[in-house]
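These notes concern the structure reproduced below.
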Amino acid sequence: FNEEKHYWNFKSSLCSNLEKFNLADINFLFGKLIEYCVAKTMYLPGIDPIFDNELFEIYRTMVSKKYYETETNKYFPPDLYRNIIIQSTKVNELSWLEDFIQNYGMYLHPERKSDIINFSYAHLYFERNVYEKSLEFLSRIKMEEFSYAIDAKCLYVKNYYEQEDYDAAYSYIKS
């Protein structure tokens with residue numbers, strides 16, 4: 001973990017030999033790159049943004065090369081989609097995020113697509129300080145069957161707080 005050169009060597013070797021792997025293996029190995037970057041950002045937050053940016057670049061590569069696909073599933077995994085939304089905002093890549101939502105939301109499973117896209121736009125507009133529009137997209141989400149429910153509820157509270165509507169934030173927290 002402390003020897004970052006092993007990470008960079010692994011990544012270099014992987015990227016130089018991608019043609020030797022099937023899609024499932026590439027998906028798995030890119031997952032290992034992600035795990036390392038997440039661990040570095042969680043255990044050393046704010047010290048060095050290199051792994052925040054690296055994580056974003058890995059996600060960007062996975063998206064552009066469709067490494068999120070496997071032989072058995074062509075839909076975009078909802079957890080990966082969520083993590084990309086969060087990481088894009090963390091490194092302030094909001095224009096890229098908007099393009100991502102527009103171009104890759106269609107690859108989400110049809111039963112979940114609408115709620116996830118609405119959450120994505122709600123998050124994007126919150127990051128752009130357009131709180132009313134963020135709340136509008138949040139209101140379109142069916143919370144009872146939505147796997148991002150906690151994220152959405154937190155985003156509601158954050159919107160109310162930023163609008164200085166503390167009574168609404170408090171009421172929402174209590175509900």
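The values are calculated or read from the model by the stated rules, or taken from the named source; none is laboratory data. The structure displayed is predicted, hence computed values, not measured ones. Note that each Cβ is placed from the backbone with ideal geometry, even for glycine, and that neighbours are counted across all protein chains shown. Note: accessible area is taken over every heavy atom of the protein model, side chains too, but ligands, DNA and RNA are not part of it. Shrake-Rupley method; radii C 1.70, N 1.55, O 1.52, S 1.80 Å.
Is at least one residue of the range 46-66 crowded, with 16+ Cβ neighbours inside 10 Å and in contact (Cβ under 8 Å) with a residue 40 or more places away in the chain? The answer is yes, given that some residue of the range 46-66 is crowded, with 16+ Cβ neighbours inside 10 Å and in contact (Cβ under 8 Å) with a residue 40 or more places away in the chain.
The set of residues in the range 108-130 being modelled with pLDDT of 95 or more and surrounded by fewer than 19 Cβ atoms within 10 Å (Cβ to Cβ) consists of Glu127, Arg128, Asn129, Val130.
Consider the range 4-33 and keep the residues that are in contact (Cβ under 8 Å) with a residue 40 or more places away in the chain and aliphatic (A, V, I, L, M). The one that is least open to solvent (accessible area, probe 1.4 Å) is Ile26. Assess whether Thr70 counts as being among the β-branched types (Val, Ile, Thr) and not in a helix (DSSP H, G or I). For Thr70, the condition - among the β-branched types (Val, Ile, Thr) and not in a helix (DSSP H, G or I) - is met.
Tell me, please, whether a residue that is over 24 Å from Lys153 (Cβ atoms) and open to solvent by less than 40 Å² (accessible area, probe 1.4 Å) can be found in the range 69-83. Talk me through it step by step, then tell me what you get.
Of the range 69-83, the ones over 24 Å from Lys153 (Cβ atoms) are 69-75.
Next, from what is left, pick out any that are open to solvent by less than 40 Å² (accessible area, probe 1.4 Å): 69-70.
The answer is yes; a qualifying residue exists.
The condition of being loosely packed, with under 12 Cβ neighbours inside 10 Å and assigned to a helix (DSSP H, G or I) holds for only one of Ser88, Ser95, that being Ser95.
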